[in-house]
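Read through the structure below, which is laid out as structure tokens, and then see the notes.
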Amino acid sequence: MKDMLRIAIDGPSGAGKSTIAKEVAKKLGIDYIDTGAMYRAVGYKMKRDGIAADDEAALRAMLDDTDIDFVRGDIILDGAVVNDVIRTSEISKMASVCSALLPVREKLVEIQRGMGSRKSVIMDGRDIATNVLKDAEYKFFLTASAAERAERRHKELCEKGETITFEAVLNDIEKRDHNDMTRKLNPLRKAEDAIEVDTTGLSIEEVVAFVLKEIR
Ligand code: DC
């Protein structure tokens, strides 16, 4: 047990969590678990199968019949790779909606705890340090200004060919921040024992170096 290493990275969307976590995972040779992708996968399935957020029976039946895993960096939903279809702005909104639903959180947190109990991991999300892996050896809370986060996300979406204005992305980010921070179930907040890193104006390399320095 002594050599198990669990690193939790929380923060709002666009703060650079996944980029940093992926890089740190590579450097340390441990698995990276993107919990946001898991909420996106469930949001995608709800949309695809026409399941309403307030239809609890249908939602629970769908979740009982849902399998989510990561294989070599790919997210697998019921046996199919869904890396790309979960990254649209429409599914971002669905993920935010479904992440406020108790049955969804119960199911995904259980899977995430299972993943974190078997091997060393770096896991990113909103409630990793405060809920999923409360006893993680290292906890980081990444932030950046809303304008910088919107700029990063806008660039990403444009590169993927989505037509969306910067203002619309900023608006979405502010709405999602509000939803994530004010929802009743495991809202986004910094754990008392987490190290806060404001990534505004910092390069990826600088943030990765900071995180590695804290761990080593
Ligand atoms: O990090 P992301 O943008 O891919 O996350 C998608 C949504 O899932 C976002 O609205 C926040 C939510 N989420 C959550 O509630 N808890 C997590 N551990 C991870 C993501």
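Annotations
- Looking at GLU151, GLU137, just one residue is within 23 Å of GLU90 (Cα to Cα) and either aliphatic (A, V, I, L, M) or open to solvent by 10 Å² or more (accessible area, probe 1.4 Å) (or both), and that residue is GLU151.
- Residues that are farther than 19 Å from ASP180 by Cβ and open to solvent by less than 20 Å² (accessible area, probe 1.4 Å) within region 69-113 comprise ILE75, LEU77, VAL82, listed in sequence order.
- Any hit, region 17-37, residues being part of a loop (DSSP other than H, G, I, E, B), touching a residue at least 24 places away in the same chain (Cβ under 8 Å), aliphatic (A, V, I, L, M) and within 20 Å of LEU188 (Cβ to Cβ): no
- Tally of residues being in contact with a Lys or Arg (Cβ under 7 Å, 6 or more places away or on another chain) and either open to solvent by 10 Å² or more (accessible area, probe 1.4 Å) or of a type in the set (Asp, Glu) (or both) across region 13-47: 3
- Qualifying residue in region 87-103 (condition: away from the ligand (no atom under 12 Å from the Cβ) and either touching a Phe, Trp or Tyr at 6+ places or on another chain (Cβ under 7 Å) or of a type in the set (Lys, Arg) (or both)): no
- Close contacts from region 97-118, counting a first residue that is at positive phi and a second that is more than 8 Å from the ligand (Cβ to nearest atom), with Cβ to Cβ under 7 Å and a gap of 6+ residues or different chains, come to none at all.
- Scanning region 163-195 for residues that are of a type in the set (Lys, Arg), open to solvent by 40 Å² or more (accessible area, probe 1.4 Å) and closer than 12 Å to ALA100 by Cβ gives a single hit, LYS184.
- Some residue of region 43-60 being β-branched (Val, Ile, Thr) and within 16 Å of the ligand (Cβ to nearest atom): no
The values are calculated or read from the model by the stated rules, or taken from the named source; none is laboratory data. Remember, predicted model here, so these are calculated numbers, not experimental data. All Cβ positions, even for glycine, are placed from backbone atoms using ideal geometry, and neighbour counts span all protein chains on display. Accessible surface areas use protein heavy atoms only, side chains included; no ligands, DNA or RNA. Shrake-Rupley method; radii C 1.70, N 1.55, O 1.52, S 1.80 Å.
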